[in-house]
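See structure below.
The values are calculated or read from the model by the stated rules, or taken from the named source; none is laboratory data. For clarity, every value in this text was computed on a predicted model and none was experimentally measured. Here the Cβ is made from the backbone with ideal geometry for all residues, glycine too, and neighbour counts use every protein chain on show. The accessibility values were calculated without ligands, DNA or RNA, using every heavy atom of the protein model including side chains. Shrake-Rupley method; radii C 1.70, N 1.55, O 1.52, S 1.80 Å.
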Amino acid sequence: MNTWFKKSFVLSAGLALILSGCGAKSDNAATNTPQTEPNQAQTTDSGKKLKVVTTFYPMYEFTKQVAGDHADVTALIPAGAEPHDWEPSAKDMAQVKDADVFVYNGIVEGWAEQALSSASNDQRVVVEASKGLNLMEGTAEEEGEAHAEEGHAHDHVLDPHVWLDPVLAQKEVESIEAGLVKADPANKADYEKNADAYIAKLKELDTEFKTGLKDIKRKDFITQHAAFGYLAKQYGLTQVPISGLSPEQEPTPDKLVGIIKFAKENNVKTIFFETLVDPKVAETVATEIGAKIDVLNPLEGLTDEDKQKNLDYLGVMKNNMEALKKALNE
Ligand SMILES: [Zn+2]
């Protein structure tokens with residue numbers, strides 16, 4: 001958006017607010033408490049808010065940031081639940097069916113395509129936020145296991161964790177923006193403005209990562225599951241995951257031995273674990289090598305504790321950056 005357009009937009013939005021907020025009253029009314037219900041003040045042209053259903057936390061957060069007040073955004077997967085093994089209930093399916101817009105990441109939600117076809121709705125706009133991105137194949141199964149080949153190719157599962165790369169996250173926000181504009185073209189200017197503002201914050205986050213991780217002493221970090229592949233690639237790091245692309249893919253004893261050996265040889269002092277997954281295996285590795293454990297949050301959901309601390313995507317990502325910076329400088 002050019003600045004001329006932005007200015008004229010801000011102007012017209014301000015004007016609209018005054019007009020809708022004060023009716024026949026004087027200009028003063030616009031600065032007072034709104035006379036109308038907030039819900040009514042921000043409706044779409046058709047007179048009702050968009051109903052947007054998302055899957056897990058980053059999809060919810062990105063969508064809310066772009067939608068602003070124009071939509072009721074809900075997340076199907078509740079706080080504290082791990083999305084890799086979540087399945088929709090009948091009630092969730094009814095929400096999917098009713099949605100004006102459905103936003104999902106792709107791959108994580110293995111149930112989504114089936115759900116969308118059985119809860120069909122011709123009017124619904126579907127956004128698969130990772131679509132069109134250059135997805136990597138999972139590497140978890142390949143590490144140190146060349147000897148385990150049995151003439152079969154391993155399952156080539158694509159890595160879904162693009163939301164953990166502040167650069168690819170911007171692309172997901174753009175896809176969500178396009179979906180909202182398609183469903184509600186009357187509010188296109190607002191969606192553009194909101195998306196631009198959030199993308200600017202993601203760019204700042206990217207800069208913080210680049211700056212923070214510039215002069216680190218080591219490049220390898222051990223994580224609980226293989227969630228940080230895109231982030232690692234973006235900042236020139238190497239992720240060494242204990243579990244596979246999904247936290248339920250527990251390591252084989254061989255793999256565990258390999259990781260412990262790697263950690264000892266490289267003098268790793270921190271093993272990362274996640275808030276939504278049992279830290280047992282990470283603790284075992286840490287005890288074995290005399291390392292400590294710390295959180296590296298894959299943002300697959302916020303815990304109640306995260307919420308109490310008012311942590312959001314940007315806040316958690318900043319914590320992740322600090323945790324990585326600390327561990328990689330030990
Ligand atoms: Zn994951």
If you stretched the chain out fully between LYS326 and GLU87, how much longer would it get, using 0.36 nm times the residue separation minus the C-alpha to C-alpha distance? 82.4 nm
Can you give the accessible area of GLU204 in Å² (nearest 10), computed on protein heavy atoms with a 1.4 Å probe? 110
For labels at GLU265 and LYS210 in the simple 7 Å Cα→Cβ model, what's the distance in nm? 3.3
Here the stretch 104-115 yields Karplus 3J(HN,Hα) values (6.51, -1.76, 1.60; θ = phi - 60°; whole Hz; Gly and Pro given as x) of 9, 6, x, 6, 4, 8, x, 7, 5, 5, 4, 4
Long-range amide H partners of ILE271 with built H, under 5 Å: LYS292, ILE293, ASP294
Express in whole angstrom the spacing between the alpha-carbon centres of the stretch 54-89 and the stretch 289-330. 20
Between VAL126 and residues 5 or more places away or on another chain, which pairs have amide H atoms under 5 Å apart, with H built 1.01 Å from N, and which residues are they? PHE102
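What is the calculated FRET efficiency for ALA94 to MET136, with r their C-beta to C-beta distance and R₀ = 41 Å, to the nearest 0.05?
Numbers: r = 35 Å, r/R0 = 0.86.
For ALA94 and MET136, the calculated efficiency is 0.70.
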I want to check the label-to-label distance for LYS217 and ASP122. Put each point 7 Å from Cα in the C-beta direction and report it in nm to one decimal. 6.5
Between LYS131 and residues 5 or more places away or on another chain, the pairs with built amide H atoms under 5 Å apart involve none
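Applying 1/(1 + (r/R0)^6) with R0 = 56 Å to the Cβ-Cβ distance of LYS48 and THR287, what FRET efficiency is obtained, to the nearest 0.05?
Numbers: r = 56 Å, r/R0 = 1.00.
E between LYS48 and THR287, to the nearest 0.05, is 0.50.
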Consider just the alpha-carbon atoms of the stretch 204-330 and return their Rg together with their Dmax, both in angstrom. 14.1, 41
